[in-house]
Every structure is written in C-alpha cells, then in structure tokens.
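Have a look at the structure below, then the notes.
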C-alpha cells in the first residue's frame, strides 16, 4: 500500500499510479481523433459525408450520449463494489489478528498462577504457543495472497520439534491439508494438554472463551478468502470492456466533427477517454486487495505487527503487577488538575511517554515536605500538659536511648521512596511518644491539684503550714516550666527552657525525690 500525504506532489509519483498505463491506452483514441480531423478539414470529398453523418445521425439519435451514460453507470457501480471489497478486506485482516492475539494474551495470563510451582512447564507452553500463533498468522496471509506468495517471516519456527516441522512441511504438498486448520488444531491440543497438567489453572467457564476467539479469527480468515476467491462477475467486466472500446472509437469521431483545431480536439478527446480507462484500471486493482502489488494491502506489515505483539507476551514484564508509588496522589482535587483544563500545562502528562521523559515526579519533595509540615504543626498545636514525675519505665527508656542514641535526623528529604518511608516512621514514633508523655503529664497534674486541695482543708497543724507553703511554691514553678515546653525540630523531642540542672530531658519534673 502506498503511504502518501495530500498535496500536488502526489501527481508526480509513479509508483502505484495508473496514469502511465491509462495514458498508453488512450493514445489510440488521440491518433484516431487526429485522423478524423484530417479527413473532415483537409479532404473535401469526405468532409461533407462525415459532417452529415455525425451532425445528423449522431446528434439526432443521441447515440454517443446514451453510450456515455451507460458506461458511466457501469463504472460507478464497479467502483463502489471495488471499494467495498477493499475496505472489507482490510477490516477482516485486522479482526483476524485481533482475535488471535487476544487468545494468546489470555492464555499467557492464565498461566501466570502456575509460574511459581511449574516454571519449566509454563515457559515451554508460552514459547510453543507464540511460535505456533506466528506461523498460523503467516500461513493465513500466504493462503489469502494465493499462488506466488513470497512467504511471511515467522518467529523462530525452527525452535519447534522436528516432528511438527516435518508435518507442517508436508501438510499441503503431500497430504493436501489446510495448514491454517492444522495449526489451529495444534494450538487447541496444546491448550487442552496444559490445562490437564495444571499449567492453565483457570475455571472451566472462562477457558472456552479462548476457543471461541480462535474460531472467530478463523471465520474472519474464511471471509477474507471469499474476497480472494470470488472475482468481479465476468459478464459485467465483459460489458464494461466492450463499452470502453466503443467509447474510445466514437468519441474521436464526435469531437472531430465539432472542433476543427487539432490540439483542442485531441485535448477534448483525451479527458473523457482517459478518465474512463483510468477508473476501470483502479477498479480492477481494488477488487483484489490481497497480493504484492503497490496498491494491495500490506500483508507483511500485518505479520510484523503480529510478531511484535507476540514478543510482548513473552517479555520479562509480562507477569508484572502494576501498582502506584508510595507517594502517589490520591486526592480528587489533585487528579482533577491532571486531566482538567485549569493548569493543564503544569500537571498534565502525555500518553506518548517518550524516551526522554523523566519518570520521577517533580513535586515529590514538595509532597513529603508538606506532609511533614502538617504533622509538625499538629504537634505544635497540641495543648500543653502539666509537669509530671518521671516513671520508672520512662527512666529505663531514657537510659537505653542515652546508651544507644537514635540516628540523627536526615538533613534533607530525599526523593527515594524507601528513605521517605523511614522518615515518616521515625516522625510517627516520636509523635506517639510525645502523646504518651502528654497523657502522663495530665494525670500527674490532676494528682498534684488534688494534693493542693487537700492541703487547703482544715486540720493542718502548726508544723504543717511551712510544708504547705513549700508545696504551693513548687506548683507555681512547675506551671511556669510547663509553659516553656516547645518542639525544636522533628526527631529532637521537646526542649525545656529551664536552668534547673535536675530537670529531665522529656518533662519538667525533677529527677531528685
């Protein structure tokens, strides 16, 4: 098939053009026009006779007009039928390839479950299947092309076993079998056998769909063979050829009787005769779309597409399970920016995904920084707690951390997913620890408030009044220290702005009794 672009340049392309052959067939009409002009203009004896014959007989009976109308009707009918056969042929070729590729793709997917338990059997099944499918598709194209087919390139056909290769070689010449039918039966046997041995662990209601798609592909092949085996009806072709010959003879006679100048007469004759002959040649080429001519369907291109599709099915990424990245955006508002018209240039990613496209999102660092900032703000906005006494568990944990301090926080947020995950886990643990200390501070505050209330009750002796004033002074200091607790940075924990050397590192209580 000719690949071209619309424009005036297509007028000068000779490959696939019908202009040269149609022009050669039009030359006799031009010579006949020149001869009639010579007889009617320069030979006086024949001028009157020819003029009377053409002007009176042809014009009165409208013979030439009726011939032109009949020929135009037949050419239009043949053109419509030829174009219909051409488009039906290319449609059937694509449908056949699609059905067979879908069958092989489903079978490859069905064998994934047995890859862990039977890896050798799965690999044997997959590679045998794609080779048989490639040979079957190539044999179908050769069968449609007919005698003289050059043959299609198949995927490593020599990789099959020797018995299969001998049978395929002698299938048509020796036994007279149809090679495509034999290959389809081999594929069905291969599928049935691998289901029995456990390679295709798929429920029975689903597996028969593969046989259906295989059969639909073969039906499309038979419909394409219908076009290849059935020519345009012979009576119609015979009548059209006869009318074209008559038209090529009568047109020069009519034009020569009307136009006296040689150049104009030949030009007026050339246009209709050339058009009719060229359209008839185009019809003959489109009626048979399968072959090796320039205007036939590109069967080798169909085979190449099929082979590339089969190579995809045995690629190492065939069994890959797709997932999203750890920091993939799942918010609806962000996804709307990716597909909406607003800010389309900033967020859109094209489906072409060319080789130079960066696979790392540009806003990974911003996303992580925003998440950390939100967590930090939530910690800073947490209500402050009152001081507490350090529990034995807290003291043991602090001693352990002093002996084996945690790693310092990262200086910058990396875009690597694993590093980002560790950062978030560390921040989460610190936030949980701060929340537990806050609860302990609140419980101790309640206890000290109850103690202060008890000291305000009656029954306190003279010797207890000095202790009461000391307790109240301690509560005031603890409350002042509590208001100075702040979060310095992620991973560093709360910092107490106090000059008391006996204050612990996690709360404002004193370590001494």
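The values are calculated or read from the model by the stated rules, or taken from the named source; none is laboratory data. These figures come from a predicted structure and were not determined experimentally. Heads up, the Cβs are rebuilt from the backbone with ideal geometry, glycines too, and the neighbour counts pull from every protein chain shown.
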Would segment 192-211 turn up any residue that is in contact with a helix residue (DSSP H, G or I) (Cβ under 7 Å, 6 or more places away or on another chain), in a helix (DSSP H, G or I) and farther than 22 Å from residue 306 by Cα? yes
Counted residues, segment 111-125 - those being touching a residue at least 24 places away in the same chain (Cβ under 8 Å) and either over 28 Å from the mean Cα position of the chain (by Cα) or surrounded by fewer than 21 Cβ atoms within 10 Å (Cβ to Cβ) (or both): 7
Looking at (1) under 25 Å from residue 123 (Cα atoms); (2) in contact (Cβ under 8 Å) with a residue 40 or more places away in the chain, which one does residue 203 not meet, given that it meets all the others? (2)
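One line per residue, one yes/no per condition, for (1) at pLDDT below 75; (2) more than 24 Å from residue 325 (Cβ to Cβ); (3) surrounded by fewer than 16 Cβ atoms within 10 Å (Cβ to Cβ):
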site: 411; (1), (2), (3): yes, no, yes
site: 414; (1), (2), (3): yes, no, yes
site: 419; (1), (2), (3): yes, no, yes
site: 434; (1), (2), (3): no, yes, no
site: 447; (1), (2), (3): yes, yes, yes
Take the residues in segment 206-253 that are within 30 Å of residue 185 (Cβ to Cβ), over 27 Å from the mean Cα position of the chain (by Cα) and in contact (Cβ under 8 Å) with a residue 60 or more places away in the chain; name whichever of them is surrounded by the fewest Cβ atoms within 10 Å (Cβ to Cβ). 223
Would you say residue 164 is farther than 25 Å from residue 288 by Cβ and in contact (Cβ under 8 Å) with a residue 60 or more places away in the chain? no
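Picking from 47, 111, which residue would you name as being touching a helix residue (DSSP H, G or I) at 6+ places or on another chain (Cβ under 8 Å) and modelled with pLDDT of 80 or more? First the steps, then the outcome.
On the way: 47 fails: modelled with pLDDT of 80 or more.
Testing whether each residue is touching a helix residue (DSSP H, G or I) at 6+ places or on another chain (Cβ under 8 Å) and modelled with pLDDT of 80 or more leaves just 111.
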